[in-house]
Amino acid sequence: MTQPASGRVPNLFIVGAPRCATTSMYSYLREHPDIFLPNSKEPRYFCSDLDSGSRSDGHLFIRDWSQYLELFAEADAEKYVGEGCVFNLFSSVAARRIREVSPDAKIIVMLREPVEQMYSFHAMRLLNGTEDLGFETAIAAEPDRREGRRLPRRARNTKMYQYRAVASYTDQVERYFDTFGRENVRILIYEEFIHNIPAAYRATLEFLGIDSKFQPPFAVVNSNRSNVLPAAARVLRDPALARRGRQLLPTPLRHWAGSIRRRLDAWNMRPTKRAALDSGLRAELNDEFRPEVDRLSLLLGRDLRNVWYRAGPAVPSDPSREPSRGAARGADYEVGSTR
C-alpha cells in the first residue's frame with residue numbers, strides 16, 4: 001500500500017469498539033470546523049483480515065485504495081481528516097496498515113463493560129438480520145462458529161461472531177499503544193462518556209489540540225430498537241435481493257423499489273426497551289471476564305472493576321440514552337447503507 005502523491009489521507013481514526021458510542025463521538029466531531037469526517041463512517045478498508053473475500057463481504061468492505069480516498073475528496077484545510085471503523089480495533093492488521101499511510105495519526109478508542117458490549121452488539125446484529133440465534137445460544141455456539149458452522153445465512157465479517165473475543169479489549173488496545181504510542185491514543189470509557197458527554201468531548205478536543213471551547217448540540221439518536229417482524233428484516237436487508245432487483249428492474253423502478261424498501265425497513269424498526277440479560281448468565285459472564293478486566297486495568301493504569309462492577313451493571317440494559325446524531329452512515333454494525 002502506497003500513499004498517493006496528492007490528496008488527503010486520514011490522520012484521525014475512531015477504531016472501536018462496536019456499540020460503545022463511537023457513532024456519537026463521530027457525529028459530534030463532524031461538527032467541529034477543524035475536522036472533516038465523511039458521511040460513510042465505516043469504510044472497513046484497513047481491517048482486511050476480517051474480510052473473507054466473499055461477495056457478501058464485498059458489500060461491507062472497501063477493498064480499493066483509490067475508492068477509499070474518494071471518501072475524503074471534499075476535505076479542505078481541516079487539521080484532521082478521519083474515519084470511524086469500529087472493526088479496526090479487533091483487527092490484528094489494521095493498526096499496522098494505518099501506520100503505513102498515516103504514522104502521525106491520532107487514535108480514539110471507546111470501551112464498554114464487556115458483557116453489556118456483547119449483549120448490545122448481538123442485539124444490533126439481530127436488528128440487522130445478520131444474527132439468527134439468541135444471545136445465550138450465540139455465545140455457546142462460538143466454538144462451532146470458529147469452524148464455520150452454525151453461522152447465519154447472511155453472515156458477514158464472520159470472525160466478529162466471536163462475541164467474547166470482540167469484548168476482550170486488552171490485546172487490542174495494547175496493539176495501538178505499541179504502534180502509535182500511548183500519547184497518540186485516547187481511551188474513553190462508555191459509561192463515563194454518557195455520564196458527562198460535554199466534558200468527554202472537550203477533553204477529546206484537547207487531546208487533538210484544537211479549539212476545545214466548541215460544542216455541538218449533543219442530540220440523542222441511535223436508541224435501542226427491535227424489529228416488529230424479524231423475518232421481514234432479513235428479507236429487506238438481504239443484499240442478494242437488492243442485487244436481483246437491480247438486475248431485473250428498469251432504472252425508474254429501481255429508485256421507486258429502493259424507496260419502498262427503505263420505508264418498510266424503517267417502519268419495521270421500532271424503539272424498544274431491550275429485555276434485561278438473565279441475571280445468572282450475566283453473573284457467569286462477569287466472573288469469566290474479571291481476569292480480562294484486571295489485565296485491561298493494569299494496562300490503562302486504572303481500576304475498571306470499580307467502574308464496571310461496583311453496583312452491578314454499569315448502565316441499564318436499555319441503552320436508549322446512547323447519544324448519537326445518526327448523521328453518519330455505517331454505524332456500529334454491518335449494514336453500511338444504514339444510518
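Looking only at residues in the stretch 116-148 that are open to solvent by 30 Å² or more (accessible area, probe 1.4 Å) and touching a helix residue (DSSP H, G or I) at 6+ places or on another chain (Cβ under 9 Å), the one that is modelled with the lowest pLDDT is L126. Restricting to the stretch 149-171, and then to whatever is open to solvent by 10 Å² or more (accessible area, probe 1.4 Å), under 19 Å from R44 (Cα atoms) and among the polar types (S, T, N, Q), can you tell me which residue is modelled with the lowest pLDDT? Ranking the qualifying residues of the stretch 149-171, first place goes to T158. Does the stretch 10-26 contain any residue that is open to solvent by 10 Å² or more (accessible area, probe 1.4 Å) and in contact with a Phe, Trp or Tyr (Cβ under 8 Å, 6 or more places away or on another chain)? The answer is yes, given that some residue of the stretch 10-26 is open to solvent by 10 Å² or more (accessible area, probe 1.4 Å) and in contact with a Phe, Trp or Tyr (Cβ under 8 Å, 6 or more places away or on another chain). Between R96, R44, R55, the distinction of being surrounded by fewer than 22 Cβ atoms within 10 Å (Cβ to Cβ) and modelled with pLDDT of 95 or more belongs to R96 only. Look at (1) surrounded by fewer than 24 Cβ atoms within 10 Å (Cβ to Cβ); (2) within 30 Å of D287 (Cβ to Cβ); (3) of a type in the set (S, T, N, Q) and you find that S91 fails only one, number (1). Residues in the stretch 150-185 that are in contact with an Asp or Glu (Cβ under 9 Å, 6 or more places away or on another chain) and in a helix (DSSP H, G or I): 10 in all. Scanning the stretch 44-65 for residues that are under 15 Å from the mean Cα position of the chain (by Cα) and more than 23 Å from R112 (Cβ to Cβ) gives Y45, F61. If you go through the stretch 132-162 and keep only what is free of Cβ contacts under 8 Å to residues at least 24 places away in the same chain and touching a His at 6+ places or on another chain (Cβ under 9 Å), you end up with L133, G134.
The values are calculated or read from the model by the stated rules, or taken from the named source; none is laboratory data. Here the structure is a predicted model, which means the values were calculated and not measured. All Cβ positions, even for glycine, are placed from backbone atoms using ideal geometry, and neighbour counts span all protein chains on display. Remember, those area values only see protein heavy atoms, side chains included, never the ligands or the DNA or RNA. Shrake-Rupley method; radii C 1.70, N 1.55, O 1.52, S 1.80 Å.
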